[in-house]
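Data block below; observations after.
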Amino acid sequence: KDAEGNRLLASDDLREALITTSESNRLGILRLIANWAEENEDCAAQTVEFLHWVWPRQLAVRSPAASSALTEIALRSGDRMPETTAAVLSVLETTAEQINAMPHVRRTKDDQISKFPEEHLALFFAILPEDKILWPWGMGQVIERLSDVSELKNDPRLSELRRRLART
């Protein structure tokens, strides 16, 4: 934004740039958004708007890496996790490929999971592939932590993730 608070680049123009650029550039933008939102309240306040109005919906930009990066944004959104998760879920793609990203999963604090258990479950159910071998390292422990949350005990999504986890 400029000194008067006007955007320097229109949402439509930025969306078009994201569509036409390379995957590595799109992932770089998502990393920047996650970092800026974590460090700056003004940026954090605009993350949901970015996801709703700027992030492309085209299948061509949906990839396992983009889904991991989008999930990372939601996991790092702190107290804004409910609205950020809702925005991220609309553009996530479940994959049958290995998920190598999502390092924040391993750093997810118990208090964050207990504060927003529904959001964590929704994200993991949406992104994790059927085969647990393709899950990020440490994901089994996170699913077990979610299993300890009383309001999720009867959630069919948690039951399904636990079923996948139990498969050999």
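The values are calculated or read from the model by the stated rules, or taken from the named source; none is laboratory data. The structure displayed is predicted, hence computed values, not measured ones. In this analysis, Cβ positions are derived from the backbone assuming ideal geometry, glycine residues included, and neighbour counts consider all displayed protein chains. What goes into the accessible areas is simple: the full protein's heavy atoms, side chains included, and nothing from ligands, DNA or RNA. Shrake-Rupley method; radii C 1.70, N 1.55, O 1.52, S 1.80 Å.
Using a Gaussian network model of the chain in which every pair of alpha carbons under 10 angstrom is joined by a spring, one finds that among ALA66, ALA44, ALA17 the greatest mean-square fluctuation is at ALA17. Checking every one of the trypsin sites (Lys or Arg not before Pro) in the range 139-168 against DSSP loop status and a limit of 15 other Cβ atoms within 10 Å picks out LYS153, ARG167. Over the chain, DSSP H runs of length four or greater, each weighted -39,500 (n - 2.57), average out per residue to a 222 nm ellipticity of -18000 deg cm²/dmol. Shown in residue order for the range 26-37 are the 3J(HN,Hα) couplings computed by the Karplus curve 6.51 cos²θ - 1.76 cosθ + 1.60 at θ = phi - 60°: 4, 5, x, 4, 5, 5, 4, 4, 4, 5, 5, 5 Hz (x for Gly and Pro).
Translational diffusion of the chain, estimated by Stokes-Einstein from the Kirkwood radius over alpha carbon pairs at 25 °C in a medium of 0.890 mPa s, is 148 µm² per second.
Protein heavy-atom surface of the chain, 1.4 angstrom probe: 52% of the accessible area is carbon and sulfur, with nucleic acids and ligands not counted.
Taking a ≥ b ≥ c as the square roots of the eigenvalues of the Cα gyration tensor of the range 1-56, is the shape rounded (a/c under 1.5), prolate (a/b larger than b/c) or oblate? Because a/c hits 1.5 or more and a/b fails to exceed b/c, the range 1-56 counts as oblate. Scan the chain and hand back the longest stretch that contains none of the GluC sites (Glu not before Pro) lying in DSSP loops with at most 16 other Cβ atoms within 10 Å. Counting at most 16 other Cβ atoms within 10 Å as exposed, the longest clean stretch of the chain is 5-92. The relative contact order of the chain, computed from alpha carbon pairs under 8 Å that lie at least 6 residues apart in sequence, is 18 percent.
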